[in-house]
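The values are calculated or read from the model by the stated rules, or taken from the named source; none is laboratory data. Just so it is clear, the structure is predicted and the values come from calculations on it, not from any experiment. Here the Cβ positions follow ideal geometry from the backbone for every residue, glycine too, while neighbour counts run over all protein chains shown. The accessibility values were calculated without ligands, DNA or RNA, using every heavy atom of the protein model including side chains. Shrake-Rupley method; radii C 1.70, N 1.55, O 1.52, S 1.80 Å.
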Amino acid sequence: MSSQAAPKIAMLGMASENCTFSNARTKIEDFEILLGQRLAQTRYPFLSDTVFARATFLPLMHARALPGGMITTDTYTKLKSDLLEQLESVLPVDAIYLDLHGAMNVERMDDAEVDLVSAIRAMAGQDCLLGASMDLHGNVSKELVDQVDLFSAYRTAPHIDTKKTREKACRFLLETLENDWKLERAWVPIPLLLPGEMTSTLDEPGRSLYAGLQDFDHLPGILDVSLWVGYVWADEPRAHACALVTGVQGTGAISDVAQQVAARYWAARDDFRFNVPSGSLTECLDQTIADTVKPVVISDSGDNPTAGGAGDLPYALEAVTKRDVFLSGQKTAIIVGIWDPTAVAKCTAAGLDAQIDLTIGSFADNRHATSLRVRGTIEHFFDHDPVAGRQVIFRLGQGIQAVLTERRKPFHYFPDFHQLGLKPEEADLVVVKIGYLVTDLQKLAAKAYLALTPGSVNQHVTRVEYTRLEKPMFPFDRDFQWKPIAQVSSR
Ligand SMILES: [Zn+2]
C-alpha cells in the first residue's frame, strides 16, 4: 500500500446456501442484488463509524439468494462476471472485503467460493489483501484458506452477529494495512458434520463452545478465531466442520489455538441434540392431538426453505388432512407456506369462495414426496408481500387452513401470518417449514416439535445418501479416533 494516501478497500460478494439433494435450481431471479450506497446502508452501516474513515471503503456489489437448490451455471457465470466488472472499475485497490456465505453450490462445479475468489485474486493481483466474513454453516476448503488472507465467521446460530462479523473482517483488513502485517492462517478440518438444528448456540454444547472462542481472542498475534459447523446438505468433499485461526506471521500460536478449538468441538460430538422433542410427523401429530396446550408448532424440517429445501412439499398438509380431529374442526391447524405458482394460478382463475379440486406441491422437488390432490375452498387472496407474490388461504374441511404461495417464502415472523388475516395464536396447531424456531415462532409456541419429515434437507442426516464425503465422518461413522492437526497457509 502507499504510505501517504488512505487505503482503498473494495467490498463485494455473493452468498447462497445450496443443497445438492434437491432437484430445484437457484436462478438469476432468485438473487437480490445490492449496489453502491444501498449495499452500504443495508449490509455495512458500520462504515459511518469514525474508525472506518481511515480508509476509502468502496461498496460495489452483493448478490444474495434464499437457500435453495444448486445455482444454475448461467446464473453463476453472469453474477461472477458482473462482480468482476465492478471490481475492475475501481482497481487498483489495497484490499478487498469478501462478503460470502460459504455454502454455494453451482451445477457441475465444486467449491464455487474458490472459483470466485481465484478470479478476484487473479484480477486484483498477489499484493492485494483479501479478507472474508462467512456464515458458520459454510464449507471451507484448504484451497479457499490458501487464497484469502483473513477470515471471520459468525459466532451465533440463529445468526444475530452478522453485521458485527462483517464489521470485524473490515476492521481487521484496515488494521492489517495500517500495520503492514503479513498474515497466516491455521486450518484444522474436523471429521464432523452436523445439522444447524443440533448445533444452535442457544443450547449446549453449542453455546459454551462458541462463547469459549473468546478465550483466544486476546492472545498475542491472534486476529480471528472461527469455528465452522459446515453445511450438511451438500454432498461434497469440503463438507465438514473446521477451525480456522488468522494471525500475524510469526507472532502467535495460531496452530495451537486452532487445534484446541477443534479438539473442544470433537470432544462434544456426542452431546449435540435437537432442542425440542423430535420424531416422525406421525409421532409429532399424535402428541399434538393429545396435548392440552396450544398452539403447538411443528417444524416441517425436511423441506425448510431457509436451509435449502424447495418449500413445495405437501407431505405435512397431507398428514394433517388424514386426521379427523382437524377435518371436523374439533381442533384447528394452520399449515404455511407451500410454494406452488400453478396451484395459486388455478385458485386465481376459480375466484374467491370457490370450492375446487386442487393439485398441490412437489413440482420443484419431486424426489421426496408426491403432489397432493384435495378439495377445498378458496378463502382469501393476498398480494402485498414482496417475497411471496400472491398468497392463497385454502381451507380444507372445517379446521384446516393451508397457505399457498406464488414464490418461495419462509414464515418466521408474526406479520407473515397476521397480514393474511391468520390467527396462529388461536390455532391448536401451526406447521411451518423451518428447522429450529426463530424468535417470533418461539414466542408463539406453547409447545414445539421438530418433525423429521422427508425433503432435500432431511434432518435425519444418517439416512441421507452421501457418496462424496471424506471418510470417516461423524455421525455417519462413529467408531474412530481423531487428533486435530493444523495446516498453515500464508502467501
Ligand atoms: Zn447459517
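Some observations on this one:
- Extreme residue, farthest from the ligand (Cβ to nearest atom), among residues of region 95-119 that are under 13 Å from Asp135 (Cβ atoms) and not in a helix (DSSP H, G or I): Leu98
- Answer from Arg108, Arg155, Arg121 - the residue that is at pLDDT 95 or above and in contact with a Cys (Cβ under 8 Å, 6 or more places away or on another chain): Arg121
- Members of region 139-148 that are over 27 Å from Ser208 (Cα atoms) and either open to solvent by less than 10 Å² (accessible area, probe 1.4 Å) or at pLDDT below 95 (or both): Leu144, Val148
Residues checked against (1) in the same structural domain as Ser226 (by TED's automatic domain parsing); (2) open to solvent by 10 Å² or more (accessible area, probe 1.4 Å); (3) of a type in the set (A, V, I, L, M); (4) within 30 Å of Tyr449 (Cα to Cα):
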residue: Asp127; (1), (2), (3), (4): yes, yes, no, no
residue: Leu150; (1), (2), (3), (4): yes, no, yes, no
residue: Pro158; (1), (2), (3), (4): yes, yes, no, yes
residue: Thr162; (1), (2), (3), (4): yes, yes, no, yes
residue: Thr165; (1), (2), (3), (4): yes, no, no, no
residue: Leu174; (1), (2), (3), (4): yes, no, yes, no
residue: Leu192; (1), (2), (3), (4): yes, no, yes, yes
residue: Pro195; (1), (2), (3), (4): yes, no, no, yes
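- The lone exception for Thr42 - which of (1) away from the ligand (no atom under 16 Å from the Cβ); (2) among the hydroxyl-bearing types (Ser, Thr, Tyr); (3) in a loop (DSSP other than H, G, I, E, B) it fails: (3)
- Among the criteria (1) open to solvent by 10 Å² or more (accessible area, probe 1.4 Å); (2) over 24 Å from His159 (Cα atoms); (3) at pLDDT 95 or above, the one Asp270 does not fulfil is (2).
- Taking every residue in region 7-20 that is closer than 14 Å to Pro59 by Cα and pairing it with any residue that is within 13 Å of the ligand (Cβ to nearest atom), at least 6 positions away or on another chain, the pairs with Cβ-Cβ distances below 6 Å are Gly13/Leu100.
- In summary, Thr246 fulfils each of the numbered conditions (1) part of a helix (DSSP H, G or I); (2) surrounded by 23 or more Cβ atoms within 10 Å (Cβ to Cβ); (3) of a type outside the set (D, E, K, R) with the single exception of condition (1).
- Any hit, region 26-36, residues being of a type in the set (S, T, N, Q), in contact (Cβ under 8 Å) with a residue 24 or more places away in the chain, surrounded by 17 or more Cβ atoms within 10 Å (Cβ to Cβ) and over 19 Å from Val117 (Cβ atoms): yes
- When each of Ala119, Ala95, Ala112, Ala132 is tested for being in contact (Cβ under 8 Å) with a residue 12 or more places away in the chain, open to solvent by 10 Å² or more (accessible area, probe 1.4 Å) and in contact with a helix residue (DSSP H, G or I) (Cβ under 7 Å, 6 or more places away or on another chain), the lone residue that passes is Ala119.
- Residue within region 22-41 that is on the phi > 0 side of the Ramachandran plot and not assigned by TED's automatic domain parsing to the domain that holds Arg408 present: yes
- For beta carbons closer than 6 Å, sequence separation of 6+ or different chains, a first residue in region 145-174 that is more than 29 Å from Met198 (Cβ to Cβ) and a second that is within 12 Å of the ligand (Cβ to nearest atom) and small (Gly, Ala, Ser), there are no qualifying pairs.
- Residue in region 71-78 that is in contact (Cβ under 8 Å) with a residue 40 or more places away in the chain, closer than 24 Å to Gln487 by Cα, open to solvent by less than 10 Å² (accessible area, probe 1.4 Å) and more than 16 Å from the ligand (Cβ to nearest atom) present: no
- Lone qualifier among Asp215, Asp224, Asp270 - being assigned to a helix (DSSP H, G or I), within 18 Å of Lys168 (Cβ to Cβ) and either touching a strand residue (DSSP E or B) at 6+ places or on another chain (Cβ under 8 Å) or without any contact (Cβ under 8 Å) to a residue 12 or more places away in the chain (or both): Asp215
- Each residue in region 249-267 was checked for being without any contact (Cβ under 8 Å) to a residue 24 or more places away in the chain and buried (at least 20 other Cβ atoms within 10 Å of the Cβ), and 0 pass.
- Any hit, region 433-450, residues being farther than 23 Å from Glu283 by Cα, under 19 Å from the mean Cα position of the chain (by Cα), modelled with pLDDT of 95 or more and surrounded by 22 or more Cβ atoms within 10 Å (Cβ to Cβ): no
- Considering the conditions (1) of a type outside the set (A, V, I, L, M, F, W, C); (2) within 16 Å of the ligand (Cβ to nearest atom); (3) on the phi > 0 side of the Ramachandran plot, Ser152 is excluded by exactly one of them, (3).
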